[in-house]
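Report on the following structure.
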Amino acid sequence: DDAIVVVENVERNMRQNRLNAHDAALRAMEEVQGPVVAIVFVLCSVFIPVAFLGGIAGELYKQFAITIAVSVVISGFVALSLSPALAAQIIKPREHENRASRMFNGALEWLTEKYLKIASWFLRHTVMGLTIFAAIICGLVWYAKTVPTSFVPDEDQGYVIALANLPDGASLDRNMKVADQIQQIANAHPGVERVIALTGFSLLESLDRTNIGTNFVMLKPWDQRTARGLHADAILADLQREFMAIQDAEVVVVNPPAIQGLGTVGGFEFWIENRGDGGDKALERAVDSFIKEAYEHPVLAGVHTTAQFNNLQFYVDLDRPKARALGVSIGEAYEALQALLGSVYINNFNKYGRVFQVIVQALPEYRERVTDLGDMYVKSTHGQMVPLKSFMSITPRRGPNLVSRFNDFPAAEIIAGPAPGYTSGQGIAAMEEIAEKVLGPDMNYGWSGMAFQQIATGGTSSVVLLAGLIMIFLVLAALYEKWSLPLSILMAVPFGAFGAFTAVFIRGMPNDVYFQIGLVTLIALSAKNAILIVEFAKIKHEEGMGVEEAAIEAAKLRFRAILMTSLTFILGVTPLVISQGAGAASRHSVGTGVLGGMISATVLALCFVPLFFKLFYREHK
């Protein structure tokens, strides 16, 4: 963009002022030195506050901030050094223009004339201009409250995860049959390449459980899934509908987390904490009530929990007085139970150059049934072998096979996601609404994974945007040595934000972190266009022109350069808006907002900048 401003000035000086290439380049350097330096300082200052942000959102902001700041510094240096020299060597004066050039210049002159008429109209009708500006501000506030929020969009990462939850106590063989059904259904889909099944492994808990299955459904390469119905979200919906035919298990299909390491799966990781003394029964009632309410909520989908409270268990009751009467040590009785029903590590031994562990454990056929306890003996102090059943009784019970804790409290995890057409921000609000409705005073809730990060970074964007505006104001105040004139530049920023929100609203996209990063970029870009006009208007006013005349003259001189730089940027982000494949969702979020913001900042803001210059420069005649 800076190079375009320099080259446009060189070409204009050669065409209008009849200067040779060398003199035109020198004059262009003098004319654009102030605006380019101001633009470089402004663009860099916007991202200074970003460097101090923490958390995962801060890391995302920093990546953009460092990249753009370094690029801007290099671009400014090249624009003030290499670009004029190259322009002087490459651009040659032409006596006659070809037909294409005449048509382009004629169209640009017509457009410039129309633009100047609109800008002049706003200068003459200040009240009407301020009224329209106030309406745009109101529209921006309405967008900020209406556009749903999200953290980061779900990406098509080339696979989805199918979680199979069988009834309590289901065997591994039964689980493998369900895995075979999942594989057959998934392989029949045109977008699926293969299925990798981890039967008996719970991904959410990272534990081996015979009634839980984790299946990674690998999708075909992105270039073979260009049709909308073969994207990951469409395949996920198709598989979820088809897996409902499996009667032996509840199968839930989820996306992997958009950012690896933030949670186990995509969607929400919600925890219900038992902070009272009701035990497992109270937690079970709370979970059942919550899931029942969540199933009926239109905003939520894929509600699922791995907490199971009705697993068949056996309570072994040791009759301590009888054991002592038989001369059996309590410790040896428990050691015998552990060794025969579980396992006991003894020591290591070396053989064949390797280290092997010695583990005592009964063979499976001797510990499959409850009655096998009668065939297990422990040696008493009298040297006799005493059967365990003589002083132990077994009572069948039901209870949880796994007790999870969250924030140090007994808890149950619930996985859910937003229904089609809704965002994660709306889903989080719905989950919290249900929790406030159904959970009693002894229960509380918490978040983990992506949802926790979204809630933790909820106010980050507002802080970053405000800090960016303050930094721009301070830098411009130092450059212009005036407190009021920078306001004429900052007043152009809402137009860019309004266009960005309008674009994502029309496209049905959420206000997520990537969109907010684009907003920070738009602040600098909107200020850049305004700087080009204000800087030249200030110079023309100091040369003796009136405020309104200087504003119109500056708008006329800079319109071509601003239009060219804006068009190059708009065309540059267009591939982000229409991209497909891996990472397309994040590119859509950034590109859509920036594209809409630049269009608005070019079409609307340029018409108002002369008016703002008039309003804020009048005091300094």
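The values are calculated or read from the model by the stated rules, or taken from the named source; none is laboratory data. Since the model is a prediction, treat every value here as computed from it, not as a measurement. Using ideal geometry, Cβ is built from the backbone for each residue, glycine included, and neighbour counts are taken over all protein chains shown. Note: accessible area is taken over every heavy atom of the protein model, side chains too, but ligands, DNA and RNA are not part of it. Shrake-Rupley method; radii C 1.70, N 1.55, O 1.52, S 1.80 Å.
Among what's in region 355-372 and is free of Cβ contacts under 8 Å to residues at least 24 places away in the same chain and among the aliphatic types (A, V, I, L, M), pick the residue that is surrounded by the most Cβ atoms within 10 Å (Cβ to Cβ).
Step one: filter region 355-372 for residues free of Cβ contacts under 8 Å to residues at least 24 places away in the same chain, giving 355-365, 368-369, 371-372.
Filter once more, keeping what is among the aliphatic types (A, V, I, L, M): 355, 358-360, 362-363.
On the way: Val355: 8, Val358: 10, Ile359: 11, Val360: 13, Ala362: 16, Leu363: 8.
That would be Ala362.
Any residue at all in region 327-345 that is farther than 30 Å from Ile291 by Cα, exposed (fewer than 10 other Cβ atoms within 10 Å of the Cβ) and at pLDDT 90 or above? Within region 327-345, none of the residues are farther than 30 Å from Ile291 by Cα, exposed (fewer than 10 other Cβ atoms within 10 Å of the Cβ) and at pLDDT 90 or above.
Thr306 passes every criterion in (1) β-branched (Val, Ile, Thr); (2) open to solvent by 30 Å² or more (accessible area, probe 1.4 Å); (3) touching a residue at least 12 places away in the same chain (Cβ under 8 Å) apart from (2).
Is it the case, given these coordinates, that Val299 is of a type in the set (Val, Ile, Thr), in contact with a Pro (Cβ under 8 Å, 6 or more places away or on another chain) and touching a residue at least 24 places away in the same chain (Cβ under 8 Å)? Walk me through it before giving the result.
Values: of a type in the set (Val, Ile, Thr): yes; in contact with a Pro (Cβ under 8 Å, 6 or more places away or on another chain): yes; touching a residue at least 24 places away in the same chain (Cβ under 8 Å): yes.
In short, yes.
On the stretch given as region 419-439, residues that are more than 23 Å from Lys145 (Cα to Cα) and surrounded by 14 or more Cβ atoms within 10 Å (Cβ to Cβ) total 3.
With respect to the conditions (1) under 21 Å from Leu123 (Cβ atoms); (2) modelled with pLDDT of 85 or more; (3) open to solvent by less than 10 Å² (accessible area, probe 1.4 Å), Pro494 falls short on a single one, namely (3).
Within region 268-283, can you find the residues that are open to solvent by less than 30 Å² (accessible area, probe 1.4 Å) and not polar (S, T, N, Q)? Show your work before the answer.
The initial filter retains those residues of region 268-283 that are open to solvent by less than 30 Å² (accessible area, probe 1.4 Å), namely 268-270, 272-274, 282-283.
Answer for region 268-283, where residues must be open to solvent by less than 30 Å² (accessible area, probe 1.4 Å) and not polar (S, T, N, Q): Phe268, Glu269, Phe270, Ile272, Glu273, Ala282, Leu283.
Determine, yes or no, whether Met450 is of a type outside the set (Gly, Ala, Ser), in contact with a strand residue (DSSP E or B) (Cβ under 8 Å, 6 or more places away or on another chain), within 21 Å of Gln308 (Cβ to Cβ) and buried (at least 22 other Cβ atoms within 10 Å of the Cβ). The answer is no for Met450.
Note on region 177-196: residues that are of a type outside the set (Asp, Glu), open to solvent by 50 Å² or more (accessible area, probe 1.4 Å) and either outside any helix (DSSP H, G or I) or in contact with a Phe, Trp or Tyr (Cβ under 9 Å, 6 or more places away or on another chain) (or both) total 5.
Restrict the check to region 139-158 and report whether at least one residue is modelled with pLDDT of 90 or more and of a type in the set (Gly, Ala, Ser). Checking region 139-158: at least one residue is modelled with pLDDT of 90 or more and of a type in the set (Gly, Ala, Ser).
For beta carbons closer than 7 Å, sequence separation of 6+ or different chains, a first residue in region 421-437 that is touching a residue at least 40 places away in the same chain (Cβ under 8 Å) and a second that is in a helix (DSSP H, G or I) and surrounded by fewer than 21 Cβ atoms within 10 Å (Cβ to Cβ), the qualifying pairs are Ile428/Ile455; Ile434/Glu293; Lys437/Glu293. When region 212-249 is filtered for residues that are touching a residue at least 60 places away in the same chain (Cβ under 8 Å), within 17 Å of Ala170 (Cα to Cα) and surrounded by 15 or more Cβ atoms within 10 Å (Cβ to Cβ), the ones remaining, listed by number, are Ile212, Ile246, Ala249. Can Arg225 be described as under 28 Å from the mean Cα position of the chain (by Cα) and of a type in the set (D, E, K, R)? Against the criterion (under 28 Å from the mean Cα position of the chain (by Cα) and of a type in the set (D, E, K, R)), Arg225 qualifies.
Being of a type outside the set (A, V, I, L, M) and over 20 Å from the mean Cα position of the chain (by Cα) is a property that holds for Pro494.
Quick one: in region 153-176, which of the residues that are among the small types (Gly, Ala, Ser) and in a loop (DSSP other than H, G, I, E, B) is surrounded by the fewest Cβ atoms within 10 Å (Cβ to Cβ)? Ranking the qualifying residues of region 153-176, first place goes to Ser171. Across region 287-309, the number of residues qualifying as under 19 Å from Glu205 (Cβ atoms), touching a Gly at 6+ places or on another chain (Cβ under 8 Å) and in a loop (DSSP other than H, G, I, E, B) comes to 1. Per the conditions (1) buried (at least 24 other Cβ atoms within 10 Å of the Cβ); (2) free of Cβ contacts under 8 Å to residues at least 60 places away in the same chain, the sole criterion not satisfied by Gly544 is (1).
Sort out which residues of region 473-489 are outside any helix (DSSP H, G or I) and either of a type in the set (A, V, I, L, M) or over 13 Å from Phe613 (Cβ atoms) (or both), and write them in order of number. Correct list: Glu481, Trp483. Selection within region 122-135: residues that are aliphatic (A, V, I, L, M) and either surrounded by fewer than 18 Cβ atoms within 10 Å (Cβ to Cβ) or under 22 Å from the mean Cα position of the chain (by Cα) (or both). The member of this set that is nearest to Pro221 (Cα to Cα) is Ala135. Against the numbered list (1) farther than 30 Å from Ala170 by Cα; (2) within 28 Å of the chain's Cα centre (by Cα), Arg275 comes up short only at (2).
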